[in-house]
1. Might you let me know whether the range 214-226 holds any residue that is assigned to a strand (DSSP E or B) and more than 16 Å from ligand 3 (Cβ to nearest atom)?
2. If a residue has to be under 18 Å from Ala195 (Cβ atoms) and not basic (Lys, Arg) to count, how many in the range 1-44 make the cut?
3. Quick check on the range 30-48: of everything there that is free of Cβ contacts under 8 Å to residues at least 60 places away in the same chain and closer than 21 Å to Arg114 by Cβ, which residue is least open to solvent (accessible area, probe 1.4 Å)?
4. Hey, could you check the range 160-207 for residues that are away from ligand 3 (no atom under 14 Å from the Cβ) and in a helix (DSSP H, G or I) and say which is surrounded by the fewest Cβ atoms within 10 Å (Cβ to Cβ)?
5. Please go through (1) in contact (Cβ under 8 Å) with a residue 40 or more places away in the chain; (2) under 30 Å from Leu13 (Cα atoms); (3) open to solvent by 30 Å² or more (accessible area, probe 1.4 Å) for Ile275 and return the number of the only condition it doesn't satisfy.
6. What are the residues in the range 75-122 that are buried (at least 21 other Cβ atoms within 10 Å of the Cβ), without any contact (Cβ under 8 Å) to a residue 40 or more places away in the chain and of a type in the set (A, V, I, L, M), if any?
7. Give Val436, Val340, Val378, Val383 a once-over and let me know the one that is among the aliphatic types (A, V, I, L, M) and either closer than 28 Å to Phe323 by Cβ or more than 27 Å from the chain's Cα centre (by Cα) (or both).
Amino acid sequence: MQTKVVKFGGSSLADAAQFRKVAAIIKAEPERRYVVASAPGKRFSDDIKVTDMLYDCFDLASKKENIDEAFAKIEARYNGIIADLGLDFSLDKEFRKIRMAIEHHAGQDYVASRGEYLNSMILAKFLGFTFVDAESGIFFHSNGTFDDKQTYKALSALLEDVEYAVIPGFYGSMPNGTIKTFSRGGSDVTGAIVARAVHASIYENWTDVSGMLMADPRLVENPKVIEEITYRELRELAYMGATVMHEEAIFPVREACIPINIRNTNSPADPGTMIVPKSDRPVPTVITGVAGRKGFSSITIEKDRMNTEVGFGRKVLGVLEDFGVSFEHTPTGIDTMSVVVSTSSITDCKEALIGRIFRDANADSVTIDDNMALIAIVGRGMVSNKGTAGRAFTAIANRNINIRMIDQGSGENNIIVGVDEDDYTAALQAIYGAFVGEA
Ligand code: ADP
Ligand code: ASP
Ligand code: MG
């Protein structure tokens with residue numbers, strides 16, 4: 001029998017009705033043996049994810065404030081699910097332990113991780129599967145990076161004799177035994193790691209949309225579903241804000257050539273999106289998708305005859321390295337160089353950074369402009385289609401939007417456009433409209 005690993009996100013496990021849908025999906029195929037679960041997500045748009053409630057509890061405790069009310073709300077979320085599912089099961093002992101740990105200033109990651117821990121216990125009970133704690137199977141190095149060797153060895157051994165299991169997403173253990181989480185949305189990463197560890201035939205990632213869409217559905221009405229996308233394209237889009245899947249979830253499965261299928265828990269008959277190493281299918285549209293993010297700044301350095309000065313770029317980037325700032329793009333002219341960075345990475349060191357670049361690069365002027373949004377137009381079809389950039393730029397210009405930066409990836413798989421944050425939504429809609437139809 002083949003083995004499928006299935007990961008269900010927060011909205012798929014937000015209440016008892018969602019749990020029932022999830023159980024029906026899992027039970028429909030005996031190959032769906034290993035289930036990775038998120039913490040309960042939002043049940044409606046103003047709702048609060050349990051993970052966010054846990055972060056709030058941690059903040060209250062660290063300010064030495066009372067957590068009674070905040071923690072009671074978390075208990076109520078889980079107790080509601082247990083009661084509505086009619087389970088003969090109590091988490092009271094766990095609640096007491098966690099609550100005490102928070103009051104005694106347990107680490108932030110431990111506190112946040114309890115969202116998936118508790119939800120996975122309920123799901124295991126509901127399905128009649130074994131609960132396998134991620135703390136015994138997923139490991140980090142002491143510098144906080146993922147320890148693949150130890151993880152795959154331990155996780156494969158742990159699951160070898162377990163026919164059906166639920167494993168909490170989002171976290172693992174540090175060498176000293178404390179809990180560490182991946183970054184937000186990290187249950188996708190856990191799912192990919194489990195898929196790799198058990199040599200799954202497929203990694204199904206179940207969420208609340210019918211696959212990866214050509215644009216963020218919160219910005220473009222009814223965007224088309226992408227039927228097939230390569231790992232590379234998905235990573236570009238995920239990194240730039242197509243948050244349907246964590247961009248780090250690609251690596252574990254890509255190395256083992258395990259395809260990912262993004263599916264919709266609320267519409268399980270939809271085929272969703274297949275994420276594959278390479279696609280030979282003709283692309284239905286020139287672009288595969290468009291995604292973007294706000295929160296970037298452009299550092300512009302001017303210096304006469306910069307083009308003739310060997311090592312100028314190195315000096316500028318060396319300063320950024322000293323400040324621990326990573327850069328996104330470096331568009332250059334003959335007397336100017338711009339470096340695009342995330343605004344949050346320079347907020348605390350702006351003035352010092354300007355001073356050092358002035359000094360080290362002997363610049364004529366250094367300025368920083370904030371409030372830039374970046375939009376990535378991604379597609380393997382762009383290599384063989386002329387005029388893609390022109391079409392995108394014309395569409396943006398027709399909406400009277402000024403382009404602040406342009407960059408094209410050397411693989412011709414992506415074009416990055418920088419615009420003012422205020423123009424972000426309109427520019428993204430214009431690009432989608434130009435390639436797919438008016439948004
Ligand atoms: P889960 O809780 O299942 O992990 P997420 O909320 O992390 O789900 O991701 C799914 C959400 O990603 C969708 O509801 C949608 O709002 C958002 N999203 C943003 N960009 C895209 C895109 N290009 N395609 C699909 N969903 C997207
Ligand atoms: N619950 C975690 C979060 O909200 C992880 C996840 O859902 O993937 O970020
Ligand atoms: Mg997610």
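1. Yes, there is a match, as at least one residue in the range 214-226 is assigned to a strand (DSSP E or B) and more than 16 Å from ligand 3 (Cβ to nearest atom).
2. 19
3. Among residues in the range 30-48 that are free of Cβ contacts under 8 Å to residues at least 60 places away in the same chain and closer than 21 Å to Arg114 by Cβ, the one least open to solvent (accessible area, probe 1.4 Å) is Gly41.
4. Among residues in the range 160-207 that are away from ligand 3 (no atom under 14 Å from the Cβ) and in a helix (DSSP H, G or I), the one surrounded by the fewest Cβ atoms within 10 Å (Cβ to Cβ) is Glu160.
5. (3)
6. Residue satisfying the conditions is Ile98 alone.
7. Every option except Val340 fails the conditions.
Per-residue answers, yes or no, for (1) out of contact with any Phe, Trp or Tyr (no Cβ under 8 Å at 6 or more places or on another chain); (2) closer than 21 Å to Pro331 by Cβ:
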{"residue": "Leu374", "(1), (2)": "no, yes"}
{"residue": "Val378", "(1), (2)": "yes, yes"}
{"residue": "Met382", "(1), (2)": "yes, yes"}
{"residue": "Asn385", "(1), (2)": "yes, no"}
{"residue": "Arg391", "(1), (2)": "no, yes"}
{"residue": "Ile396", "(1), (2)": "yes, yes"}
{"residue": "Arg399", "(1), (2)": "yes, no"}
{"residue": "Asp407", "(1), (2)": "yes, yes"}
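The values are calculated or read from the model by the stated rules, or taken from the named source; none is laboratory data. Small disclaimer: the values here were computed from a predicted structure and weren't measured. Counting neighbours? That spans all protein chains shown, and the Cβs are built from the backbone with ideal geometry, glycine included. Calculation scope for accessible area: heavy atoms of the full protein, side chains included, ligands and nucleic acids excluded. Shrake-Rupley method; radii C 1.70, N 1.55, O 1.52, S 1.80 Å.
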